1. Would you check which residues across region A:191-209 are touching a helix residue (DSSP H, G or I) at 6+ places or on another chain (Cβ under 7 Å) and either at the interface with chain B (Cβ under 7 Å from one of its Cβ atoms) or outside any loop (DSSP other than H, G, I, E, B) (or both) and list them?
2. Check A:225, A:213 and return the single one that is at the interface with chain B (Cβ under 7 Å from one of its Cβ atoms), surrounded by fewer than 21 Cβ atoms within 10 Å (Cβ to Cβ) and in contact with a helix residue (DSSP H, G or I) (Cβ under 6 Å, 6 or more places away or on another chain).
3. Which residue is farthest from the other protein chains (Cβ to nearest Cβ), if the candidates are limited to region A:158-182 and must be assigned to a loop (DSSP other than H, G, I, E, B) and either touching a helix residue (DSSP H, G or I) at 6+ places or on another chain (Cβ under 7 Å) or under 30 Å from residue C:11 (Cβ atoms) (or both)?
4. Name the residue that is nearest to residue B:296 (Cα to Cα), counting only residues in region B:158-208 that are away from chain A (no Cβ under 14 Å) and out of contact with any strand residue (DSSP E or B) (no Cβ under 9 Å at 6 or more places or on another chain).
5. Can you confirm whether residue B:268 is surrounded by fewer than 17 Cβ atoms within 10 Å (Cβ to Cβ), out of contact with any helix residue (DSSP H, G or I) (no Cβ under 9 Å at 6 or more places or on another chain) and closer than 30 Å to residue B:129 by Cβ?
6. Grab the strands (runs of 3 or more DSSP E) fully contained in region A:1-74, keeping just those with 2 or more residues being farther than 21 Å from residue A:179 by Cα.
7. Pick out the one residue from C:348, C:303, C:366 that is within 14 Å of chain B (Cβ to nearest Cβ), touching a helix residue (DSSP H, G or I) at 6+ places or on another chain (Cβ under 8 Å) and either buried (at least 19 other Cβ atoms within 10 Å of the Cβ) or over 18 Å from residue C:260 (Cα atoms) (or both).
8. List the strands (runs of 3 or more DSSP E) inside region A:88-157, counting only whole elements, that have at least 1 residues being in contact (Cβ under 8 Å) with a residue 60 or more places away in the chain, in contact with a helix residue (DSSP H, G or I) (Cβ under 6 Å, 6 or more places away or on another chain) and facing chain B (nearest Cβ under 7 Å).
């Protein structure tokens, strides 16, 4: 039996974000939201661990009811949602405060969120809770009150273990998340969903501006392979 | 004082170049932290450090966090520059959390404005750049490898301080190290990359694109779907924001439509060439040279032409 | 009044879209070119609960209502705009529902679990060579002989003939049981076709929608067990009309799904495509087409979901008369195929010569949707007759 908490961030569907032509700022109004990709891998992994070892899966979600419903439909037993308009320091503070009151053996996070790519929440949360952290897991298993993972590092894979309770951040390769079926979606409405509103935590970083990247490429269309070969030869040296 | 740390010596030297600039503009000192005795500590001085704290430990996250935390407590640096390797990305936020301060990871630019450290980093899937400042000290930053050029100055002097810190044992136990397959591809260091995307019809056809990479002496890359969905190539080949950010001289995108995440990953390429059968593919708006056509015709003929 | 979907419906649409993008869309060209839906696609659809979606849980289905079924249809057609996958899905959703409603318990236990598991195909066999839409003129006969029922005749332009003979399965079949009673002498039966003595089939070459076959079934002294009679003897006309009312909103939903996908890709294209130095989308002639097509699509979509909603209300809450349902369903089925055809045609033309290539992926949509203008669960003129009859009164009914 393993009781797992999976931390999930709901993000904007990045492909839908448009750029304001004059200010170059992102337009997020009306943009759909989704569960951040690697967090979905983390959720999927918790479900697989639960299927193998029993226990419970609680999804702790920075986002709306919509994300919670999806997590519950995928198979989480319970969801807690909170709103988080803060940075990584603030998020870790909120999460640590909530989790400290809970019983758990294992915490899973995505290695990063696909909007910010900060890679911060998992390591920070483990630090705040004082538990071991294993980052970049591409494989994992639970054995004798320990978690063993294969970490994907730059030039090597590292098999490492830590005692539970521990926190693991997972990579995209670890699994392919399931898509909830109609019956699972309908079943999710009966599961427990709690909404909490934590006090606004202190941030560590202030964002002064966000502007679109302007890219200037030549955009020359070549007529034939001869031209292509000429360009390749001149550009490679 | 400014601290610079990376367990990767090359990255450490790059951080020192940027750190030197910042230290000079703040009229401050630059200290390098070396986590293991590798005998290259002298070079840190030649590449910009005033001081080197040489610690006899090993590059394990728990130990590194403890070491840098203690050194920071002792010396009260204002800024910590940490190399954005996988280890660096883990330890930087953990140190920041211990101090209860912010951290900006993967910064592509750092500057000092009115004595304040201003950083820039990609956000929202890499299509936007956020400009950020810190609300507390120490200000903790990670910088991706190969972001800045290292700068050698053999006339520099400095001091190496051998430091014996008492650190707790790591709670993570390493059981086994497995080398990544074959020649351990480091696509982010390649000068020429030929990348392939969903335009490829089957796995067996990878050799087509591989032969082009080979003749150019380049590395083989791929888009998200080839690595993550189809799993035709391991993650090491994956180019894009969630894969590897690359900065080659020449990037050839074969059958890659050019989703925003992919484009963000090749932004720093000097020249981008696109081969795609869909004239409407977004890659044609993000390349220097493009050719519209079937990759199955173009690639073999290009290889033949290059051979000749 | 509230035009929004429920949270569950929205989440289901998101899930089906993700499923279709991953498990159907990558095969869309192959489905059209090879003229077959890969078995893996059907297996995935079954394990995701899409096959026989309206069939109750006890038979392995999801017991979905028609709004939910329409959402899935729309999404499937977005992923495969050739309509082939949508047709496979929707005939099972429509006619599986009907079998569950009127079939014998024994027949349901035999037939439905294999449909929801994706093992066998279930379709509708109504049309005959003498005419499709005039159901009363059907000449395929079914007679009682002892404990058996015996069927003689032939059906044509039947979807899924090759699939049903390959995988097994059969058809909700409209047969004449009392010739003297015209439409009141029709019955419905379940007719299996794989390895059945007396059944021969052939498959037609068609203009499009090739991923699912269309063909003829020749039925010669075919014996079926008596529990394959669906509902009461001589009540088949009413059941068939009810079944058509269930399937038609889904046909219409498939059309709008394909059109939506085409229009979206067209809008993206004209924003990027430069002509005389500025994007195509800057030209008023293009903007008017975009606006008109959007409005047509949206009106068709509203009619589709209104019809689906009315059906759900009828089954769940006993609201709406058959006349009201007939009108709503026929209106949706009347407008959706033509709107979809027009939109895909326009988008194809926006793409210029590229639009005419197979690679652009639009022409298969045009060919596919065309099949729904010709017929499929009732021709367009029949929809007009139904609407006309409901508006003018039965005394003006030509049949």
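1. A:193, A:203, A:204
2. Working: A:213 fails: in contact with a helix residue (DSSP H, G or I) (Cβ under 6 Å, 6 or more places away or on another chain).
Being at the interface with chain B (Cβ under 7 Å from one of its Cβ atoms), surrounded by fewer than 21 Cβ atoms within 10 Å (Cβ to Cβ) and in contact with a helix residue (DSSP H, G or I) (Cβ under 6 Å, 6 or more places away or on another chain) holds for just one of A:225, A:213, which is A:225.
3. Applying the first criterion (assigned to a loop (DSSP other than H, G, I, E, B)) to region A:158-182 yields A:164-165, A:171, A:175-181.
Filter once more, keeping what is either touching a helix residue (DSSP H, G or I) at 6+ places or on another chain (Cβ under 7 Å) or under 30 Å from residue C:11 (Cβ atoms) (or both): A:171, A:175-181.
On the way: A:171: 8, A:175: 11, A:176: 8, A:177: 9, A:178: 10, A:179: 5, A:180: 5, A:181: 4 Å.
Residue satisfying both the conditions and the ranking: A:175.
4. The qualifying residue nearest to residue B:296 (Cα to Cα) is B:201.
5. Numbers: surrounded by fewer than 17 Cβ atoms within 10 Å (Cβ to Cβ): yes; out of contact with any helix residue (DSSP H, G or I) (no Cβ under 9 Å at 6 or more places or on another chain): yes; closer than 30 Å to residue B:129 by Cβ: yes.
Spelling it out, residue B:268 is indeed surrounded by fewer than 17 Cβ atoms within 10 Å (Cβ to Cβ), out of contact with any helix residue (DSSP H, G or I) (no Cβ under 9 Å at 6 or more places or on another chain) and closer than 30 Å to residue B:129 by Cβ.
6. A:2-12
7. Numbers: C:303 fails: within 14 Å of chain B (Cβ to nearest Cβ); C:366 fails: within 14 Å of chain B (Cβ to nearest Cβ).
Result of the check over C:348, C:303, C:366: C:348.
8. On the way: elements: A:106-110, A:133-143, A:146-152.
Because the criterion is at least 1 residues that are in contact (Cβ under 8 Å) with a residue 60 or more places away in the chain, in contact with a helix residue (DSSP H, G or I) (Cβ under 6 Å, 6 or more places away or on another chain) and facing chain B (nearest Cβ under 7 Å), no strands (runs of 3 or more DSSP E) in region A:88-157 meet it.
The values are calculated or read from the model by the stated rules, or taken from the named source; none is laboratory data. From a predicted model like this one, the values you see are computed outputs, not experimental measurements. Please note: Cβ atoms are built from the backbone with ideal geometry, for glycine as well, and neighbour counts cover all protein chains shown.
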